[in-house]
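In what follows, a structure is listed as structure tokens, so that the remarks can point back to it.
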């Protein structure tokens, strides 16, 4: 009798569990159907608005532009870093990533409606043709540049390798315009600058956008070893005003200074977007001391590097609070229709810190010394960071903070942040610095748990 009652009880429990399972499945199915119905209703609304605009707007709109703007509006409503790229923009982004293109090899800016040459890049077509810093380019192949944007002018100067272009140049001291024929060639953009500051190696990484950033930095370190020799005391890794770029390059650059341990953790909505990058054995600096420089213009990939080296106590960080971009964007090709830049994950430093909208705090806070005219401008100006961007991802549980000044003087002798970094490597006391306590402490509410 007892066994019969137990069997009956087990059967009833099984029936209840089965019924609950089917009810749950049915509820989920109903919710999914309702959600899909709502999506289709909203799409009907979009279609109706589109047709009204096409039929009744005061001027006939461009259908392609309407759709592109609608897509961009949808993505920009998510966060400031998601966007749609047209086929041309997607192609340009790939060119930037490769770090090479057919062109002239000059750094330029726009001034008074014409292109001003900042400097020709060494051993490029423009350099070999005699183009000089300070030159003004007024015509391209006989056509005036007046009315073109800087991007449009640059686009005209780029072109197939071995194709010629005639530049009309105004040069200070010249009595008449100079006609210079330049033949385009492959131009490789070096994202790294370096120099020997007596017994210290200074390495400036300008961007992580190029897929060759790590290679150029490693070459710089090797050259500095040879130039400085046995008296080499350490390195200053200058990431000020570095806006970021490719995640794999940030990982590679961090790995160059580390022997082991996590470099960065990424955590997305789905398990497939979560990962942990770890350092491999080998330190290209052979254990020499490192100081990292950051400021309000240091964002994304540069924050990954600064955070990794800070957390592992491999480097002291000097400067001011970084920008605070703690999200990862994935490029999704859309065939002939361009591409999608979509935020797919947040990243965390090895100790579990999310720097989203908070930034990396330096170990030693050193403010730049501003020239008098800039001091007056900055008196009523609040530096912008990720936290000030409309629609930015929130960092729950952490105190958001604005960015900091991103001024860097052109003359090294006036660069108090660089001087502080060199003094620290020499074991000197930094008079202008404010020591930041617990700069690398993880925020308990903002830690990540990512599978190995």
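The values are calculated or read from the model by the stated rules, or taken from the named source; none is laboratory data. Given the structure is predicted, the values throughout are model-derived calculations rather than measurements. Here the Cβ is made from the backbone with ideal geometry for all residues, glycine too, and neighbour counts use every protein chain on show.
Which of the residues belonging to the range 56-105 are in contact (Cβ under 8 Å) with a residue 40 or more places away in the chain, over 17 Å from residue 333 (Cα atoms) and over 17 Å from the mean Cα position of the chain (by Cα)?
Residues satisfying the conditions are 76, 77, 78, 100, 101, 102, 103, 104, 105.
Give the number of residues within the range 269-284 that are within 21 Å of residue 207 (Cβ to Cβ) and in contact with a strand residue (DSSP E or B) (Cβ under 8 Å, 6 or more places away or on another chain).
Going through the range 269-284 one residue at a time, the tally reaches 1.
State the number of residues belonging to the range 73-85 that are surrounded by fewer than 15 Cβ atoms within 10 Å (Cβ to Cβ) and part of a helix (DSSP H, G or I).
So the count comes out to 2.
Looking at the range 209-231, which of its residues are modelled with pLDDT of 95 or more, within 20 Å of residue 247 (Cβ to Cβ) and either touching a strand residue (DSSP E or B) at 6+ places or on another chain (Cβ under 8 Å) or surrounded by 21 or more Cβ atoms within 10 Å (Cβ to Cβ) (or both)?
Scanning the range 209-231 gives 213, 214, 216, 217.
Which members of the range 406-433 meet the condition of being loosely packed, with under 11 Cβ neighbours inside 10 Å and either under 24 Å from residue 373 (Cβ atoms) or touching a residue at least 40 places away in the same chain (Cβ under 8 Å) (or both)?
410, 411, 413
Since residue 152 meets every condition but one in (1) assigned to a helix (DSSP H, G or I); (2) out of contact with any strand residue (DSSP E or B) (no Cβ under 7 Å at 6 or more places or on another chain); (3) in contact (Cβ under 8 Å) with a residue 12 or more places away in the chain, which condition does it not meet?
(3)
Which members of the range 333-368 meet the condition of being in a strand (DSSP E or B) and touching a helix residue (DSSP H, G or I) at 6+ places or on another chain (Cβ under 6 Å)?
Matches in the range 333-368: 339, 344, 345.
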